[in-house]
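Participant: Below: one structure in structure tokens.
Rule-based calculations on the coordinates, nothing more; no lab input. None of these values were measured; they are calculated from a predicted model. Cβ: placed from backbone, ideal geometry, glycine included. Neighbour counts: every protein chain shown.
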Amino acid sequence: MALTESNMLPLGTVAPAFTLPDTVSDKDVSLEDVVGERASVVMFLCNHCPYVIHVNEEIVRLVEDYESKGVGFVGISSNDVVNYPQDGPELMKTHAATVGYNFPYLYDESQDVAKAYDAACTPDFYIFDGEKKLVYRGRLDSSRPNSGNPLTGVDLRAALDAVLSGGDVTDKQYPSAGCNIKWKRA
């Protein structure tokens, strides 16, 4: 698995709409169902990527810290499950329970949502403001497996804090890095 960085969707982009099956609740969930009053975080994740496994604990803490402040969260897995069955919907549900995801974990079988967000890797993070405009895209923090850097979520937290305080999110944003999304073969 090659290290892949985010594509950095242009700031100001309006959150692309979606309706996908939630592997946790077994219901279809749309963007409108997960949008927070003040901000929304869309995360491209998967079960098996070591970069996602490394940050799962901080993702759960982030949701616990910010959901009550009007921030909505959703995770989406867009990997090809024919070639990567460990990322299939049944195992997504088990994975969500095991790691403590307390947000919808959606399955993007067609990969159309990943393409609409120009997602490239897992994990890949996007923050949209209350008007659903992109204000942040990129990394959680500088921590990577075996990097020695502490897992703090500092970059994502700073962006969320700026949105919640009515301030400006810094334009200095670093791409996320992780496993490439496993695209279906044509």
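Participant: Sort H48, H95 by Cβ crowding within 10 Å, fewest neighbours at the top.
Facilitator: In increasing order of surrounding Cβ atoms, one gets H48, H95.
Participant: Mind ordering 10-17, 39-46 by average Cβ neighbours within 10 Å, highest first?
Facilitator: Per-residue Cβ counts within 10 Å, averaged per peptide and sorted highest first, yield 39-46, 10-17.
Participant: Another question, then. Simple spin-label model, 7 Å along Cα-to-Cβ: D26 to V14 in nm?
Facilitator: Taking the simple label geometry, D26 and V14 are separated by 3.6 nm.
Participant: Counting other beta carbons within 10 Å of each residue's own, what order do C49, C179 fall into, fewest first?
Facilitator: C179, C49
Participant: If you don't mind, there's one more thing I want to ask. Tell me the relative contact order for the chain as a rounded percent, counting alpha carbon contacts under 8 Å between residues six or more apart.
Facilitator: It comes to 34 percent, rounded to a whole number.
Participant: Net charge within 13 Å of E67 by Cβ-Cβ distance, Lys/Arg positive one each and Asp/Glu negative one each, not counting E67 itself?
Facilitator: That works out to 0.
Participant: Residues with beta-carbon under 14 Å from that of S40, excluding S40: net charge, scoring Lys, Arg +1 and Asp, Glu -1? Don't skip to the end; give the middle numbers.
Facilitator: Details: positive: R38, K69, K132, K133, R137; negative: E32, D33, E37, E67, D129, E131.
Net charge in that neighbourhood comes out at -1.
Participant: Sticking with the crude label model, points 7 Å out along Cα→Cβ, report the distance from D80 to K172 in nm, one decimal please.
Facilitator: 3.9
Participant: How far is it, in nm, from the label point at R38 to the one at A158 when both lie 7 Å from their Cα along the line to the Cβ?
Facilitator: Between R38 and A158, the simple spin-label model gives 1.9 nm.
Participant: Something else now. Helix-only estimate, please: 222 nm mean residue ellipticity of the chain, summing -39500 (n - 2.57) across DSSP H runs of length 4 or more and dividing by its residues, to the nearest 500.
Facilitator: Numbers: 5 runs with 49 residues, N = 186.
The helix-only estimate for the chain comes to -7500 deg cm²/dmol at 222 nm.
Participant: Quick check: Cα centre of segment 125-168 to Cα centre of segment 56-90, how many Å?
Facilitator: Cα centroid of segment 125-168 versus Cα centroid of segment 56-90: 15 Å apart.
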